[in-house]
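A.B. asks: If you scroll down you'll find the structure; I have some questions about it.
The values are calculated or read from the model by the stated rules, or taken from the named source; none is laboratory data. All of these numbers come straight from a predicted model, not from anything done at the bench. Every residue, glycine as well, gets a Cβ built from its backbone with ideal geometry; the counts of neighbours run over all protein chains shown.
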Amino acid sequence: MMHQPTHVNYLFDPYCGWCYGASSALQKIQKLENVALELTPTGLFADAGARPMDHRFAQYAWSNDQRIAQLTGRVFSEKYWRDVLGNHDVRFDSTNATLALTAVTLSQPKRALKALLAIQEARFIHGLDINSISVLTDILDEIDLTEAALRLRNRDGELMAINARSISSAQKKMHEFAIQGVPNLIVTKGPEQRIVDGSYLYANTTPLLDYLKYD
């Protein structure tokens with residue numbers, strides 16, 4: 001007998017290097033039978049959470065990124081170091097990248113993870129400014145998410161309202177479960193709901209996948 005699907009809320013921010021490092025695990029989770037993966041952007045580095053990019057913060061981010069690369073095999077390129085972390089005229093601000101993902105969720109939710117990875121790779125591999133609306137719409141167009149790209153260009157009222165509600169809901173979840181950062185998972189299996197620490201998304205993911213697959 002088929003049980004009620006396990007629901008996985010993935011709390012993340014598209015600017016988070018550790019969230020980028022979790023990409024392989026998320027792709028495995030998405031392929032599991034009877035497991036529903038929901039991407040839940042937290043707005044951690046958006047709006048009030050954004051900050052200027054300066055040399056000290058760039059060095060801190062790059063040091064973290066090297067640890068993530070060693071642990072996960074994900075690429076953080078020299079172009080990213082030079083053109084993104086080295087560009088102190090561009091803020092560390094995930095507002096528009098988060099909005100882009102909300103536009104995808106409204107139009108083709110099953111492709112949200114693909115869009116997230118494309119946006120992350122644009123930043124961390126190709127060194128593009130993913131705070132730029134034109135860069136983001138180009139990314140979405142390239143992977144045939146044209147409806148989402150159009151909504152992002154127009155930034156219609158419905159999109160803006162749903163994005164704000166989504167971030168507010170995610171932040172309430174973080175407060176409710178005393179979650180301080182990202183990535184993290186909120187896993188619902190029947191009446192049971194629990195936090196699974198984001199550290200399980202790296203290295204050996206077998207225990208996490210087994211937990212999600214089996215009752």
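A.B. asks: Check every one of the helices (runs of 4 or more DSSP H) wholly within the range 36-135 and list those with 1 or more residues that are without any contact (Cβ under 8 Å) to a residue 40 or more places away in the chain and surrounded by 15 or more Cβ atoms within 10 Å (Cβ to Cβ).
C.D. replies: 55-72, 112-124
A.B. asks: Same structure again: Could you check, for the range 202-212, whether at least one of its residues is within 17 Å of the chain's Cα centre (by Cα) and either in a loop (DSSP other than H, G, I, E, B) or crowded, with 16+ Cβ neighbours inside 10 Å (or both)?
C.D. replies: Scanning the range 202-212, I find at least one residue that is within 17 Å of the chain's Cα centre (by Cα) and either in a loop (DSSP other than H, G, I, E, B) or crowded, with 16+ Cβ neighbours inside 10 Å (or both), so the answer is yes.
A.B. asks: For the range 174-198: of the residues being of a type in the set (G, A, S) and touching a Phe, Trp or Tyr at 6+ places or on another chain (Cβ under 9 Å), which is surrounded by the fewest Cβ atoms within 10 Å (Cβ to Cβ)?
C.D. replies: G181
A.B. asks: Quickly run through the range 167-199 and pick out the residues that are in a loop (DSSP other than H, G, I, E, B) and touching a residue at least 24 places away in the same chain (Cβ under 8 Å).
C.D. replies: I179, G181, V182, P183, G190
A.B. asks: Same structure again: Please state which one of D47, D83, D54 is of a type in the set (D, E, K, R), more than 24 Å from I195 (Cβ to Cβ) and either in contact with a helix residue (DSSP H, G or I) (Cβ under 8 Å, 6 or more places away or on another chain) or at pLDDT below 95 (or both).
C.D. replies: D47
A.B. asks: Can you tell me which residues in the range 25-35 are part of a helix (DSSP H, G or I) and farther than 23 Å from Q171 by Cβ?
C.D. replies: Matches in the range 25-35: A25, Q27, K28, Q30, K31.
A.B. asks: Follow-up question, since we're still on this one. Pick from Y202, Y214: which is hydroxyl-bearing (S, T, Y) and either in contact (Cβ under 8 Å) with a residue 60 or more places away in the chain or under 18 Å from P41 (Cα atoms) (or both)?
C.D. replies: Answer to the selection: Y202.
A.B. asks: Would you mind stating whether A164 is touching a residue at least 12 places away in the same chain (Cβ under 8 Å), in a helix (DSSP H, G or I) and small (G, A, S)?
C.D. replies: Considered against the rule, which asks whether it is touching a residue at least 12 places away in the same chain (Cβ under 8 Å), in a helix (DSSP H, G or I) and small (G, A, S), A164 comes out as no.
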